[in-house]
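Asks: Provided herewith is a single structure, encoded as structure tokens, for subsequent inquiry.
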Amino acid sequence: MSVGRKSKVNHRALFKPRCRNDDDEELSERIIIDARRSGELNLAGRGLATVPQRIWTINQLSKVEVEELGRNLDFDDDKERWWEQEALKKLNLNGNSIKTIDSEIEYLSELEDLDFHDNLLEEVPKAIGALTKLRKFNISHNNLVKIHKRFFTLENLKQLDLSHNNLADLDPAIGDLVMLESLNLSFNNLTTLPVGLGYLVRLCTFDVSHNLLVELPPDIMSMRVLKKLDASSNHLELVPPLGEMRKLESLILHTNNLKNFPNITGCTALRELNLSNNSIDEIDMECLEDMGQLRSLLLAHNNIEVIPDDIIKLLNMERLDLSSNKLTLIPNFICIMPNLKHFIINGNEKIKNVRRDIVQCGTPRILKHLRQGFDSESLDVQSSASPGAVLAPDKYTMKNTKLLSLTAQHLHEVPDEVLEDAKTAGVTCVDLSKNKLPQVPEKLSTITSVEDMKISCNQLASLPEWFGEPFKHLRYIDLSQNQLSSLPESMGRLERLREINISFNRFTTIPESICNIENLEILIINDNHITEIDVTCLEKLRRLATLDLSNNDIAHVPPELGNMRNIRTLMLSGNCFKQPRHAILEKGTEEILSYLRSRISS
């Protein structure tokens, strides 16, 4: 009978508690050599009860190692070379059972990334404050009850994760972490937030969900570059005005005690608003007046009784959740919201004009039912209508909704009388997308009140020279999926334009006229044939925050692009350049810009 090889079993770990020597033995010579070469050490999930002592002096050669190096100066690739050592910059100890961090951690002065998540730590030691180069610190899923004040002197810290701990309060000194861009305080026991948070003016992501907060501090509005705020699952009764947060894209306040719609007037970049599971009884459209970019509005499980007429002004709305409220009537005009894909109204037991079986069939069936009941002679398909007739809302409907929507009708032209009615109605939103228009209707120039315009998915080969003249109030325009290769010079006169989408066209260069739009914040120009990045042109756009140049033919990325520090989102993937490499692109905008700046000096 043959005997197979027995697998090794760590009987010591099975039959007696781990001691410090056991933990120290986890740090083998091979691991130490690899860490010295790469500057990274990963001891995640090793069952450690303590941090191996050798880590604190991992870059110091012992006397035995020095003697061995003297005997082996043969430049063998397998031998360690002290002159090629990398200081330890990344240390990962997550998924262990560590209860304390030794004060010797201060010796790791070059450390930039420290991960202690999923351990048994009860406090952040004072010595952590000596790691002045630390940029990323994850100490989530521990048992923290306090943080030493010296920790808040880490002036270069950019990412901090303190979620899933037992913190009941925070020292106002947290406001001294002025370089912080991401802060996660979720799943703690916080009842208040310190006033010092208002000094975190570089914060882009702030998660304080699943705590015991009753209110947010007023100075939170000082976080003017914040893109995502999650304060869900608290006890919030009041939210301060957030209008100064003009970069805010996602606001999550579900599962709180809010009775009034929050004052978000001015948050014009907002794309997601989640107010589900509160006690809100009215949708305040004054707060949503400038929310042209809003894609998702979630208001499930509230006390809302009426859907306001002005909600149709939210031209880009894709998801509207009003389930489990107190609605009795669903307005028929909902059916002409051009981008609505998910309309959820189940759980409203008193709705009179939409049967329960229709509600249960989902969005397409609900919209079809509403379309049949829409009271507009020109929109309803009547037996007397001639084949190919334009289905357009009448001027009374447009006056109420401020929207002209002619999407997906395979139109080759737009009747002048329709545009004349739109002018009379003073529409602010025009959607001519998903048609076959070969040119922009000349009569469109008479609608000077338009603020949001979509002419995507058509057959436009050019825009008329006058295009930038009449639309003085235009803030958003979508010209994607056409056949454009240039833009008229007059586009540079669109002084209020904040976002332009010209993706999926035939551009070979960034149109010079775009670079004259001083207030432009978002430029989407992906999937074209752009061959070069004209930094001199782009530098004129001092407010540019998002630049998407992905999937073009760019062979070289000029290092000077790194000097455009206002850019928060830069997408360059899918091009043919060799530098920056893919690994740098994956690290995000800040790393890309930093890399480009380093190339300038070199």
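Asks: Could you pull the Rg and Dmax for the range 513-591, using just the Cα atoms, both in Å?
Replies: Rg, Dmax (Cα atoms, Å): 11.8, 34.
Asks: Let me ask something additional. Hey, what do the phi angles of the range 244-253 turn into as Karplus ³J(HN,Hα) couplings, whole Hz, using 6.51/-1.76/1.60 and θ = phi - 60°, x for Gly and Pro?
Replies: Per residue, the Karplus-derived 3J(HN,Hα) values read 6, 7, 6, 9, 4, 10, 9, 10, 10, 10 Hz.
Asks: Once Rh is set to the Kirkwood radius over Cα pairs, what Stokes-Einstein translational diffusion coefficient, in µm²/s, holds for the range 122-243 at a temperature of 20 °C and a viscosity of 1.002 mPa s?
Replies: The diffusion coefficient I find is 150 µm²/s.
Asks: Give the average over all directions of the projected area of the C-alpha convex hull of the range 220-274, one decimal, in nm².
Replies: 3.2 nm²
Asks: Now, a different point. Along the charge dipole of the chain, pointing to its positive end and built from +1/-1 on Cβ of Lys, Arg, Asp and Glu, which listed residue (N42, G198, L322) has its Cα farthest out?
Replies: N42
Asks: Still on this model: Tell me whether the range 397-515 comes out rounded, prolate or oblate; compute the Cα gyration tensor, take square roots of the eigenvalues as a ≥ b ≥ c, and use a/c under 1.5 as the rounded threshold.
Replies: oblate
Asks: Which residue, L251, I105, C537, has the largest displacement toward the positive end of the dipole of the chain when charges sit on each Cβ (Lys, Arg +1; Asp, Glu -1)?
Replies: The residue sitting farthest along the positive end of the dipole is I105.
Asks: For the chain, take the longest principal axis of its alpha carbons; what is the angle in degrees between that and the long axis of helix 29-38, to the nearest 10 within 0 to 90?
Replies: It works out to around 50 degrees.
Asks: What nm distance separates the two modelled labels at V178 and R246, each placed 7 Å from Cα along Cα→Cβ?
Replies: Placing both labels 7 Å along Cα→Cβ, they lie 2.3 nm apart.
Asks: Please tell me the relative contact order of the range 417-499 in percent, rounded to the nearest whole number, where contacts are Cα pairs under 8 Å and at least six residues apart.
Replies: So the answer I get is 28 percent.
Asks: Considering the chain, which cysteines have no disulfide-compatible partner, defined as another cysteine with its Cβ under 4.7 Å away?
Replies: Unpaired cysteines in the chain: C19, C204, C267, C287, C335, C361, C429, C457, C576.
Asks: Too long at a 28 Å Cα-Cα cut-off: which of K227/K395; K136/K247; K399/K436; K227/K587; K158/K313?
Replies: K227/K395; K158/K313
Asks: When ranked by the protection proxy of mean other Cβ atoms within 10 Å per residue, highest first, what sequence do the peptides 113-119, 408-414 form?
Replies: With the highest mean Cβ count within 10 Å placed first, the list reads 113-119, 408-414.
Asks: What's the whole-number percent of alpha carbon pairs in the range 486-526 lying beyond 16 angstrom?
Replies: Here the tail beyond 16 Å accounts for 27 percent of pairs.
Asks: If the label point is 7 Å along Cα→Cβ of A583, which residues in the range 89-130 have backbone nitrogen under 19 Å from it?
Replies: 89-92, 111-114
Asks: Just add up the charged neighbours of T509: K/R +1, D/E -1, any other residue whose Cβ is under 9 Å from the Cβ of T509.
Replies: That sum, taken over residues with Cβ under 9 Å, equals -3.
Asks: By per-residue mean of other Cβ atoms within 10 Å, what is the highest-first order of 129-137, 264-272?
Replies: Ranking, from highest mean packing down: 264-272, 129-137.
Asks: Going by a ≥ b ≥ c, the root eigenvalues of the Cα gyration tensor, does the range 439-499 fall in the rounded group (a/c under 1.5), the prolate group (a/b larger than b/c) or the oblate group?
Replies: rounded
Asks: Now for a different question. Against the longest principal axis of the chain, how steep is helix 363-373, in degrees 0 to 90 to the nearest 10, with axes from Cα atoms?
Replies: Computed tilt is about 20 degrees.
Asks: Let me ask something additional. For E155 and E104, FRET efficiency with R0 = 22 Å and r from the beta-carbon atoms, rounded to 0.05?
Replies: After rounding, the FRET efficiency stands at 0.50.
Asks: Further, regarding this structure: Between 0 and 90 degrees, rounded to the nearest ten: what's the tilt of helix 589-601 against the longest Cα principal axis of the chain?
Replies: Value to nearest ten degrees: 70.
Asks: May I pose another question? What is the calculated FRET efficiency for E29 to D171, with r their C-beta to C-beta distance and R₀ = 45 Å, to the nearest 0.05?
Replies: With a Förster radius of 45 Å, E is 0.60.
Asks: Ordered by packing density, taken as the mean number of other Cβ atoms within 10 Å over each peptide's residues, highest first, how do 26-36, 308-318 rank?
Replies: 308-318, 26-36
Asks: For the chain, calculate the relative contact order in percent as a whole number, restricting contacts to Cα pairs under 8 Å that are 6 or more residues apart.
Replies: Once normalised by length, the contact order is 4 percent.
Asks: I've got another one for you. With r defined as the distance between the Cβ atoms of E539 and N353 and R0 fixed at 51 Å, what FRET efficiency is calculated, to the nearest 0.05?
Replies: Using R0 = 51 Å, I get an efficiency of 0.40.
Asks: OK, next. Ignoring everything except DSSP H segments at least 4 long, calculate the 222 nm mean residue ellipticity for the chain; use -39,500 (n - 2.57) per segment, divide by total residues, nearest 500.
Replies: The helix-only estimate for the chain comes to -3500 deg cm²/dmol at 222 nm.
Asks: Rounded to the nearest Å, what's the spacing between the alpha carbon centres of the range 243-293 and the range 509-540? Just the number, please.
Replies: The range 243-293 and the range 509-540 have Cα centres spaced 31 Å from each other.
Readers should treat all values here as calculations from the given coordinates under stated rules, not as data from a laboratory. Predicted model, so just to flag it, every value in this text is computed and none were measured. Reconstructed Cβ throughout: ideal geometry from the backbone, glycine too, with neighbour counts over all protein chains shown.
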